[in-house]
1. Do any strands (runs of 3 or more DSSP E) lying entirely in region B:1-46 carry at least 1 residues that are touching a Phe, Trp or Tyr at 6+ places or on another chain (Cβ under 8 Å), and which ones are they?
2. If we scan region A:93-110, do we find a residue that is modelled with pLDDT of 95 or more, under 27 Å from B:I47 (Cβ atoms) and not in a loop (DSSP other than H, G, I, E, B)?
3. Considering only residues that are crowded, with 16+ Cβ neighbours inside 10 Å and not in a strand (DSSP E or B), look in region B:76-114 and name the one that is farthest from the other protein chains (Cβ to nearest Cβ).
4. State whether one or more residues within region B:65-75 are out of contact with any strand residue (DSSP E or B) (no Cβ under 9 Å at 6 or more places or on another chain), of a type outside the set (A, V, I, L, M, F, W, C), surrounded by fewer than 13 Cβ atoms within 10 Å (Cβ to Cβ) and within 14 Å of another protein chain (Cβ to nearest Cβ).
5. Checking B:D27 against (1) among the charged types (D, E, K, R); (2) surrounded by fewer than 16 Cβ atoms within 10 Å (Cβ to Cβ); (3) in contact (Cβ under 8 Å) with a residue 60 or more places away in the chain: exactly one of these is not met. Which one?
6. Go through (1) assigned to a loop (DSSP other than H, G, I, E, B); (2) more than 8 Å from every other protein chain (Cβ to nearest Cβ) for A:Q42 and report which single condition fails.
7. When you check B:A63 against the structure, is it in contact with a Lys or Arg (Cβ under 8 Å, 6 or more places away or on another chain) and at pLDDT 95 or above, yes or no?
8. Considering only residues that are surrounded by 13 or more Cβ atoms within 10 Å (Cβ to Cβ) and among the aliphatic types (A, V, I, L, M), which ones fall in region A:5-25?
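The values are calculated or read from the model by the stated rules, or taken from the named source; none is laboratory data. Please read these numbers as outputs of a predicted model, since none were measured by experiment. Cβ placement follows ideal geometry from the backbone for every residue including glycine, while neighbour counts extend to all protein chains displayed.
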Amino acid sequence: GAVVSQHPSWVICKSGTSVKIECRSLDFQATTMFWYRQFPKQSLMLMATSNEGSKATYEQGVEKDKFLINHASLTLSTLTVTSAHPEDSSFYICSARSQPSGTTDTQYFGPGTRLTVL
Amino acid sequence: GENVEQHPSTLSVQEGDSAVIKCTYSDSASNYFPWYKQELGKGPQLIIDIRSNVGEKKDQRIAVTLNKTAKHFSLHITETQPEDSAVYFCAASKSSGGYQKVTFGIGTKLQVIP
């Protein structure tokens with residue numbers, strides 16, 4: 001159980017275009033989903049936290065207009081990188097949590113999406 | 001905020017030997033400590049976790065210990081196998097503003113030499 005999928009797994013786009021990444025919890029309802037960014041040989045950096053039906057909470061230094069997050073249902077969250085530039089190239093990973101907010105619980109990670117902006 | 005330090009950053013062991021990775025955290029309010037294994041090009045996979053009301057947990061060849069007083073926790077892998085080679089992340093988690101905030105360590109690249 002607790003499987004999280006991401007789509008696409010790999011995307012190449014031209015500078016200036018927008019890219020949407022989907023994150024789905026396949027066998028559980030995710031009240032909260034998280035989006036991380038990971039640079040090569042580095043740890044995971046939390047970008048934002050999204051709760052179903054409400055606006056995402058962004059970490060300091062993350063541009064909310066650049067990285068649009070939508071958590072429209074209990075099984076789907078999307079991250080849209082708007083007007084992507086080469087510096088946005090990275091490995092984007094989502095995670096999902098099934099327990100109500102405020103409780104200690106486990107995050108299950110998706111397989112990640114490799115974004116390359118030319 | 002929380003600060004999680006992890007060491008070593010790289011670790012090489014012979015197949016069959018044990019591997020130990022250590023982490024420290026700064027926020028005494030952290031109450032949940034998961035460990036993740038990340039293989040190249042993939043997302044992190046939870047391998048074991050421990051909560052603050054437990055001192056030790058074991059799952060086959062993997063064990064985790066927690067010392068709340070000293071604010072450190074460790075991952076122990078016994079009888080290592082080549083497929084254990086990966087990057088391992090520790091994390092510390094606590095409830096914050098109504099949701100669980102997780103802080104990751106920098107990762108340890110484990111290489112098991114056949």
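1. Numbers: elements: B:4-7, B:10-14, B:19-25, B:32-38.
It comes to B:4-7, B:19-25, B:32-38.
2. Yes.
3. The residue in question is B:T80.
4. Checked region B:65-75: no residue is out of contact with any strand residue (DSSP E or B) (no Cβ under 9 Å at 6 or more places or on another chain), of a type outside the set (A, V, I, L, M, F, W, C), surrounded by fewer than 13 Cβ atoms within 10 Å (Cβ to Cβ) and within 14 Å of another protein chain (Cβ to nearest Cβ).
5. Checking B:D27 against (1) among the charged types (D, E, K, R); (2) surrounded by fewer than 16 Cβ atoms within 10 Å (Cβ to Cβ); (3) in contact (Cβ under 8 Å) with a residue 60 or more places away in the chain, the one that fails is (2).
6. A:Q42 satisfies every listed condition except (2).
7. Here the answer is yes, as B:A63 does meet what is asked.
8. If the condition is that a residue be surrounded by 13 or more Cβ atoms within 10 Å (Cβ to Cβ) and among the aliphatic types (A, V, I, L, M), then A:V11, A:V19, A:I21 are the ones that fit.
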